[in-house]
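Enquirer: Below is one structure. I have some questions about it.
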Amino acid sequence: MTTHIFQVSSLLIENAVEKINNNFTSMVLATSVFTLTLGYFSKLVYKQMKSPDKDANHPPYIPSSIPFLGHAIAFGKSPIEFLENAYEKYGPVFSFTMVGSTFTYLLGSDAATLLFNSKNEDLNAEDVYSRLTTPVFGKGVAYDVPNPIFLEQKKMLKTGLNIAHFKQHVEVIEEETKEYFSRWGESGVKNLFEALSELIILTASRCLQGKEIRSMMDEKVAQLYADLDGGFSHAAWLLPGWLPIPSFRRRDRAHKEIKEIFSKVIQRRRQATEKEDDILQTLIDSSYKDGHFLSDDEIAGMLIGLLLAGQHTSSTTSAWMGFYLARDREMQERCYREQKAVCGDDLPPLDYDQLKDLNLLDRCLKESLRLRPPIMTMMRMARTPLTIAGYTIPVGHQVCVSPTVNHRLSDTWKERMDFNPDRYLQENPAAGEKFAYVPFGAGRHRCIGENFAYVQIKTIWSIMLRMFDFELVDGYFPEVNYTTMIHTPTNPMIKYTLRRP
Ligand code: HEM
């Protein structure tokens, strides 16, 4: 039994760590640390499993014969299937163990109310997210500060994400998109996800960080972002931050170098006589309730956070939308016709008001976010015992809501697995169920980037639809890659042909 646990744990750590580096020494180190802690934790969990829970009010617990690791392997292989099966068997609230932690899922709109309506002191976000985000964004921002401070920072960011700025963004995103896809030529097969990731980092950098930072975006800076982004990994989630793993070192070095670059830009802005009108300027001019201004270091951290919060979420969503449209070619044609109907037959440059009127494209994006929400689980740490559906969730459980599961519950959604953007033309399918559709979360941690994401993705796809016709390659619609933290498309190749006017 012990050998089996060791083998499985080594395999898990190996899989997780090799995603970000293949360095042998770090693997050995990581495995040793993992194995040492394993003995301790498995004892604890085993004890917990053996003694039947005296409090019958705890959520139903899915038993596992593998101590410590629990359901990590089944969940890792196919998390949505795992959760849907558990929902069928145990109902909307249940708990299970993975890698020494107990997770309680709240599935469906009613159960999700607990996570979205609770106070941060009771269901805490910092406890679960900070170890991933603080080394990447830096100290003094987001989950490194008490939530009321982060809420003030979100408010400042939201002030910058306004319609006047979106109007400028549409123009620059159109320009970047045309420039990017002019390289694609007449026809071919390309990796859609890779292309959209490259394009989105350029457009997001220009819109969210300002033209000075965008102009510095060369291969070296792109590599720094990639190294920083390597911090969002299963390894960073599972392993202590002090381990001398190369990807952790690369992340920390990239963080320092990016902060230095941003600080210089911020200082130049502060000294400039003429003011820019963009998000960076909004942050420079913003102050906390007590009157003090953001420091250069806080602004730099917020600029990193803005870019990375939108990077994977928007690029994954846009890639999935591309595959849905490539599969449903009639829908793709309707979207192309909508461009002409709303903007004019000669397809002039886009503007913000027209973009808003592209309702079919809007519904396609909404439906892509329903079927493939990039954030499949939102998590909090239970700091106080909380009650839901007659169960009491004990302190220490990681409490989760999965948009992916809520977005496809058959109790709520008809033809739940079909890509049908027109479903939103009928009476709201999730009316009365507040949290049946939550791709951007809800409550105090709700996303502030939704409007920008819609502007960015709709502008990019408007230009792409105007330029090309898309098809699946040999009818292949990508499988979901569950090994990445955000569920990306596997082998995301797409066939394209330039449209003749
Ligand atoms: C398709 C694009 C996006 C999706 C699906 C998405 C999704 C989400 C979700 C689900 C949350 C809630 C997390 C939780 O409750 O644990 C969230 C929070 C957040 N997002 Fe987004 N996001 C997207 C784009 C963006 C963009 C472009 C930005 C920045 C411009 C952004 C900034 C944020 C911030 C600051 C939070 C707040 C986190 C908190 O208060 O704890 N997001 N997002």
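Enquirer: Can you name the residue in region 424-463 that is among the aromatic types (Phe, Trp, Tyr) and within 13 Å of the ligand (Cβ to nearest atom) and, of all such residues, is surrounded by the fewest Cβ atoms within 10 Å (Cβ to Cβ)?
Expert: Taking region 424-463 first, the residues among the aromatic types (Phe, Trp, Tyr) are 424, 435, 437, 440, 452, 454, 461.
With within 13 Å of the ligand (Cβ to nearest atom) added as a condition, the list becomes 435, 437, 440, 452, 454, 461.
Values: PHE435: 22, TYR437: 22, PHE440: 17, PHE452: 23, TYR454: 19, TRP461: 22.
Taking the candidates together, the pick is PHE440.
Enquirer: For region 448-478, give me each residue that is of a type outside the set (Gly, Ala, Ser), outside any helix (DSSP H, G or I) and either in contact (Cβ under 8 Å) with a residue 40 or more places away in the chain or in contact with a Pro (Cβ under 8 Å, 6 or more places away or on another chain) (or both).
Expert: Keep residues of region 448-478 that are of a type outside the set (Gly, Ala, Ser), which gives 448, 450-452, 454-461, 463-474, 476-478.
Now narrow it down to the ones that are outside any helix (DSSP H, G or I): 448, 468-474, 476-478.
If the condition is that a residue be of a type outside the set (Gly, Ala, Ser), outside any helix (DSSP H, G or I) and either in contact (Cβ under 8 Å) with a residue 40 or more places away in the chain or in contact with a Pro (Cβ under 8 Å, 6 or more places away or on another chain) (or both), then ILE448, PHE468, ASP469, PHE470, GLU471, LEU472, VAL473, PHE477, PRO478 are the ones that fit.
Enquirer: Here is a follow-up. What are the residues in region 147-161 that are in contact (Cβ under 8 Å) with a residue 12 or more places away in the chain and more than 10 Å from the ligand (Cβ to nearest atom), if any?
Expert: At the first step, the residues of region 147-161 found to be in contact (Cβ under 8 Å) with a residue 12 or more places away in the chain are 147, 149, 151-154, 156-161.
Correct list: ILE149, GLU152, MET156, THR159.
Enquirer: Return the pair list, or none, for Cβ contacts closer than 6 Å from residues in region 349-361 that are assigned to a helix (DSSP H, G or I) to residues that are surrounded by fewer than 16 Cβ atoms within 10 Å (Cβ to Cβ) and among the charged types (D, E, K, R), at least 6 apart or on different chains.
Expert: TYR352/LYS167
Enquirer: Looking at region 401-415, is at least one residue within 16 Å of the ligand (Cβ to nearest atom) and touching a strand residue (DSSP E or B) at 6+ places or on another chain (Cβ under 6 Å)?
Expert: Yes.
Enquirer: Give me the pairs: first residue in region 76-97 and under 15 Å from GLY108 (Cα atoms) and open to solvent by 40 Å² or more (accessible area, probe 1.4 Å), second residue β-branched (Val, Ile, Thr) and in a helix (DSSP H, G or I), beta-carbon distance under 9 Å, and six or more apart or on different chains, which are they?
Expert: Close Cβ pairs (under 9 Å, with a partner that is β-branched (Val, Ile, Thr) and in a helix (DSSP H, G or I)) amount to GLU84/VAL405; TYR87/VAL405.
Enquirer: So, in region 227-247, how many residues would count as being part of a helix (DSSP H, G or I) and open to solvent by 50 Å² or more (accessible area, probe 1.4 Å)?
Expert: Filtering region 227-247 for residues part of a helix (DSSP H, G or I) gives 227-229, 234-238, 246-247.
Imposing the further condition that a residue be open to solvent by 50 Å² or more (accessible area, probe 1.4 Å) reduces the set to 234, 237-238.
Residues in region 227-247 being part of a helix (DSSP H, G or I) and open to solvent by 50 Å² or more (accessible area, probe 1.4 Å): 3 in total.
Enquirer: Only one of these conditions is not met by ALA195: (1) over 24 Å from TRP320 (Cβ atoms); (2) away from the ligand (no atom under 16 Å from the Cβ); (3) small (Gly, Ala, Ser). Which number is it?
Expert: Among (1) over 24 Å from TRP320 (Cβ atoms); (2) away from the ligand (no atom under 16 Å from the Cβ); (3) small (Gly, Ala, Ser), ALA195 violates only (1).
Enquirer: Just for region 262-282: of the residues that are within 25 Å of VAL136 (Cα to Cα) and among the polar types (S, T, N, Q), which one is surrounded by the most Cβ atoms within 10 Å (Cβ to Cβ)?
Expert: Per the stated criteria, the residue is THR282.
Here is a yes/no grid of residues against (1) open to solvent by 20 Å² or more (accessible area, probe 1.4 Å); (2) closer than 29 Å to ASP290 by Cβ:
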| site | (1), (2) |
| --- | --- |
| GLY108 | no, no |
| LYS119 | yes, yes |
| ALA125 | no, yes |
| VAL128 | no, yes |
| PHE150 | yes, yes |
| GLN153 | no, yes |
| ASN162 | yes, yes |
| ILE173 | no, no |
| GLY188 | yes, no |
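Enquirer: Name the one entry in PHE103, PHE116, PHE166 that is over 21 Å from the mean Cα position of the chain (by Cα) and in contact (Cβ under 8 Å) with a residue 40 or more places away in the chain.
Expert: Within the list PHE103, PHE116, PHE166, the selection yields PHE166.
Enquirer: Within region 174-192, how many residues turn out to be assigned to a loop (DSSP other than H, G, I, E, B) and either within 14 Å of the ligand (Cβ to nearest atom) or in contact with a Ser or Thr (Cβ under 9 Å, 6 or more places away or on another chain) (or both)?
Expert: Selection size over region 174-192: 1.
Enquirer: With the structure loaded, tell me whether ASP285 is among the acidic types (Asp, Glu), open to solvent by less than 50 Å² (accessible area, probe 1.4 Å) and more than 24 Å from the chain's Cα centre (by Cα) or whether it fails that test. Walk me through it before giving the result.
Expert: Values: among the acidic types (Asp, Glu): yes; open to solvent by less than 50 Å² (accessible area, probe 1.4 Å): no; more than 24 Å from the chain's Cα centre (by Cα): yes.
So ASP285 does not fit the description; no.
Residues are listed down the side, and each one gets a yes or a no for (1) of a type in the set (A, V, I, L, M); (2) within 30 Å of HIS169 (Cβ to Cβ):
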| site | (1), (2) |
| --- | --- |
| LEU202 | yes, yes |
| GLU212 | no, yes |
| LEU224 | yes, yes |
| PRO244 | no, no |
| SER263 | no, yes |
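Enquirer: Just give me the residues in region 288-319 being more than 10 Å from the ligand (Cβ to nearest atom) and open to solvent by less than 10 Å² (accessible area, probe 1.4 Å), in sequence order.
Expert: Selection gives LEU294, ILE299, ALA300, GLY301, LEU303, ILE304, ALA319.
Enquirer: Could you count how many residues in region 127-143 are more than 9 Å from the ligand (Cβ to nearest atom) and either free of Cβ contacts under 8 Å to residues at least 60 places away in the same chain or not assigned by TED's automatic domain parsing to the domain that holds VAL438 (or both)?
Expert: Here the count works out to 2.
Enquirer: Within region 104-173, which helices (runs of 4 or more DSSP H) (wholly inside it) include 2 or more residues that are basic (Lys, Arg)? Break it down into steps so the answer makes sense when it comes.
Expert: Working: elements: 108-117, 126-137, 147-160.
The helices (runs of 4 or more DSSP H) meeting that bar are 147-160.
Enquirer: In region 342-393, what residues are away from the ligand (no atom under 16 Å from the Cβ), surrounded by fewer than 18 Cβ atoms within 10 Å (Cβ to Cβ) and under 30 Å from PHE103 (Cβ atoms)?
Expert: THR384, PRO385, THR387, ALA389, GLY390, THR392
The values are calculated or read from the model by the stated rules, or taken from the named source; none is laboratory data. Here the structure is a predicted model, which is why all the values come from computation and not from measurement. Cβ atoms come from the backbone with ideal geometry, glycine included; neighbour counts cover every protein chain shown. Ligands, DNA and RNA are stripped out before the accessible areas are found, and what is left, the full protein with its side chains, is counted by its heavy atoms. Shrake-Rupley method; radii C 1.70, N 1.55, O 1.52, S 1.80 Å.
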